[in-house]
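Right, one structure below, let's go through it.
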Amino acid sequence: MKIIFSFLLTASVLLTSKAQSEPKILYVGDSIAVETSDTVAWWSHNYIGATTTRAMFGGLTSCMQNLGSEKDAYYKKYYADAVKATQQITTAANEAGIPRPKIMWVLRGPTIGSDQAKRINSQYLEIAAANGDLTSDAGAEVSAAAYPDADYEKTRYEFTNFVPCSAFETSVGYCTDIDKGLTRIHRDGDGTHYCLGKMSGFSCSIPSPGILRYGMRIAQDIQAALKP
């Protein structure tokens, strides 16, 4: 049995191999995972017939408080927690008598006014490389790098509330500013989340292109990882 484990900020997806008759996904995460879980689940089922189980934990920001005055304490904790999670996965696999799962680290979208996302993603990339694991650049889909002919290296961490509508978004009614050819990623005043309305359970009250883009990219990378 081949298993792939994916991290999204503080989230994870556990997959069985495509060789199984019905791949199974365990999706664990924070508020971004809550927002995107319906999309990840639907598209993963559409692509490879997978079923998804979810374990979501909102309000995790408080876990990062009271870290002291050291400038880099926040990033050191993220790094230490990611390393610990990798070790726990390895230990659990050994105890279960299965091959050590692969981890697919899902890289964040830009952080408005800071380099937080870039620094955390750099840590995820480092840890993935050190352990032979994978990454999914879902955050690029909700950044200025999504503009046609954008210089990826210069725009990947450039925050934007709007990106050009894709043909798919236009066809399914997700192009929010169709007269301008643009679609909205964030609500005004909230540069973190992608739901443009209100969340109810795992669903957003209105079509939200950021959720679609982020979740579809994760599902596409899951599909690619599970191809024989």
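Could you work out the equivalent-ellipsoid semi-axes for the stretch 123-228, taking the square root of 5 times each eigenvalue of the Cα gyration tensor, largest first, in whole Å? List each step's numbers first, then the result.
Working: eigenvalues 124, 58, 43 Å².
Each semi-axis is the square root of five times an eigenvalue, giving 25, 17, 15 Å.
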What are the extents of the Cα atoms of the stretch 4-225 along their three principal axes, in Å, largest first? 57, 51, 35
Could you work out the helix-only [θ] at 222 nm for the chain, with each DSSP H run of four or more residues adding -39,500 (n - 2.57) and the total divided by the number of residues, to the nearest 500 deg cm²/dmol? -12000 deg cm²/dmol
Which one of A129, G139, C175 has its Cα pushed farthest toward the positive end of the charge dipole of the stretch 67-187, where Lys and Arg give +1 and Asp and Glu give -1 at the Cβ? A129
Just list whichever of K71/K118; K102/K198; K84/K118 have alpha carbons separated by over 23 Å in the model shown. K102/K198
The stretch 146-228: GluC sites (Glu not before Pro) falling in loop per DSSP and having at most 14 other Cβ within 10 Å: E158
Taking the Cα centre of the chain as origin, sum charge times position over the Cβ atoms of Lys and Arg (+1) and Asp and Glu (-1), and report the length of that vector in debye to the nearest 20. 520 debye
What FRET efficiency would be calculated for the residue pair D177, Q220, taking the C-beta separation as r and a Förster radius of 22 Å, to the nearest 0.05? 0.30
Reachable aspartates and glutamates from K77, criterion Cα separation under 13 angstrom, eight or more residues apart if same chain: none
Going residue by residue through the stretch 169-179, the Karplus relation 6.51 cos²θ - 1.76 cosθ + 1.60 with θ = phi - 60° gives ³J(HN,Hα) values, rounded to whole Hz and with x marking Gly or Pro, of 4, 5, 6, 10, x, 9, 8, 6, 10, 5, 5
Taking the Cα centre of the chain as the origin and placing charges on Cβ (Lys, Arg +1; Asp, Glu -1), which of L67, F162, G49 is farthest toward the positive end of the dipole? G49
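All of the numbers you see were taken from the coordinates with simple rules; none came from a lab. Just so you know, these numbers come straight off a predicted model, no measurement behind them. FYI the Cβ positions are ideal-geometry reconstructions off the backbone, even for glycines, and counts take in every protein chain you see.
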